[in-house]
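Let me begin by presenting the structure, written as structure tokens, before commenting on it.
The values are calculated or read from the model by the stated rules, or taken from the named source; none is laboratory data. Please read these numbers as outputs of a predicted model, since none were measured by experiment. Cβ atoms come from the backbone with ideal geometry, glycine included; neighbour counts cover every protein chain shown.
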Amino acid sequence: MNYERIYQYRFQQVSRGKKKAIWKEISEFFYSKLNRPERILDSAGGMCEFINAVPASEKWVIDISHTVHDFAASDVKIVVGDSLKVELPLNYFDAVFISNFLEHLHSQEEVADFLERTYAVLRPGGKIAIIGPNFKYAFREYFDFADHTVVLSELGVEEHLYGAGFTIQQSYPRFLPLSFRGGLPVHRILVRLYLNLPIVWFLFGKQFLIIAEKPE
């Protein structure tokens with residue numbers, strides 16, 4: 001699958017400025033949610049909007065495409081390769097961020113394997129945050145994306161996390177709108193208000209948000 005061309009087509013009408021503004025607010029929101037981690041990993045960084053903006057002191061990104069070098073800031077450590085296979089330091093990261101990635105895997109077994117690998121690289125007490133489309137609320141549009149293969153809801157992902165050894169801390173079935181093709185407002189103040197008003201998530205959200213911890 002040619003991911004570069006697929007994403008080029010998908011985001012052809014979405015300005016980089018819009019995405020950057022939205023992700024700036026999202027990054028700061030998760031930096032706080034994850035207890036202001038010093039070492040953070042983005043397991044499928046893509047255009048690096050999150051990892052570039054998050055104010056951690058040590059930032060890593062994994063992506064399967066070499067084009068990640070075109071997007072990552074100079075202070076981000078880049079690992080090119082398959083997130084199911086790359087070698088990472090064990091018990092190292094304070095936090096791992098995963099956005100719109102699990103649904104790209106090829107089976108529930110791969111989801112379990114990926115989360116077990118993620119558990120291994122987090123230090124005890126480290127946190128994981130996962131965002132992804134919730135099939136319960138996005139079933140009509142779920143397969144409008146060529147790289148969506150695994151059907152997931154927040155409850156299924158909770159089970160996967162628990163199975164991998166994590167303790168679930170927060171779970172929201174609705175968080176963000178489904179995609180940047182529409183939905184979330186552009187202005188940073190409005191984005192910030194949205195992120196800090198969970199009651200509004202239930203009106204527009206079609207992606208889940210789950211935060212879990214590796215026990216001490």
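List of remarks:
- Selection from segment 125-156 of residues that are in a strand (DSSP E or B) and among the small types (Gly, Ala, Ser): Gly125, Gly126, Ala129, Gly132
Yes/no per residue for (1) within 23 Å of Leu176 (Cα to Cα); (2) hydroxyl-bearing (Ser, Thr, Tyr):
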residue: Phe50; (1), (2): yes, no
residue: Lys77; (1), (2): no, no
residue: Val80; (1), (2): no, no
residue: Tyr92; (1), (2): no, yes
residue: Phe97; (1), (2): yes, no
residue: Phe101; (1), (2): yes, no
residue: Pro124; (1), (2): no, no
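- Each residue in segment 82-119 was checked for being loosely packed, with under 15 Cβ neighbours inside 10 Å and of a type in the set (Gly, Ala, Ser), and 1 of them qualify.
- Failed item, numbered, when Phe143 is tested on (1) modelled with pLDDT of 95 or more; (2) surrounded by fewer than 22 Cβ atoms within 10 Å (Cβ to Cβ): (1)
- Scanning segment 150-167 finds no residues that are at pLDDT below 95 and charged (D, E, K, R).
- Take the conditions (1) surrounded by fewer than 20 Cβ atoms within 10 Å (Cβ to Cβ); (2) out of contact with any helix residue (DSSP H, G or I) (no Cβ under 7 Å at 6 or more places or on another chain); (3) β-branched (Val, Ile, Thr); Thr67 misses just one of them, which is (2).
- Here segment 83-124 is the region considered, the condition is being among the charged types (D, E, K, R) and part of a helix (DSSP H, G or I), and the residue that is nearest to the chain's Cα centre (by Cα) is Glu103.
- Residue match in segment 157-175 (condition: touching a residue at least 12 places away in the same chain (Cβ under 8 Å), of a type outside the set (Phe, Trp, Tyr), part of a loop (DSSP other than H, G, I, E, B) and more than 20 Å from Ile98 (Cα to Cα)): no
- The residues on offer are Ser57, Ser99, and the sole one that is touching a residue at least 40 places away in the same chain (Cβ under 8 Å) and either among the polar types (S, T, N, Q) or closer than 26 Å to Phe208 by Cβ (or both) is Ser99.
- Hey, Lys136 under 23 Å from His104 (Cβ atoms), surrounded by 14 or more Cβ atoms within 10 Å (Cβ to Cβ) and under 17 Å from the mean Cα position of the chain (by Cα) or not: no
- Helices (runs of 4 or more DSSP H) completely within segment 1-82 that count 2 or more residues being aromatic (Phe, Trp, Tyr) and at pLDDT below 95: 3-10
- Hey, Ser65 closer than 30 Å to Pro177 by Cβ, hydroxyl-bearing (Ser, Thr, Tyr) and in contact with a strand residue (DSSP E or B) (Cβ under 6 Å, 6 or more places away or on another chain) or not: no
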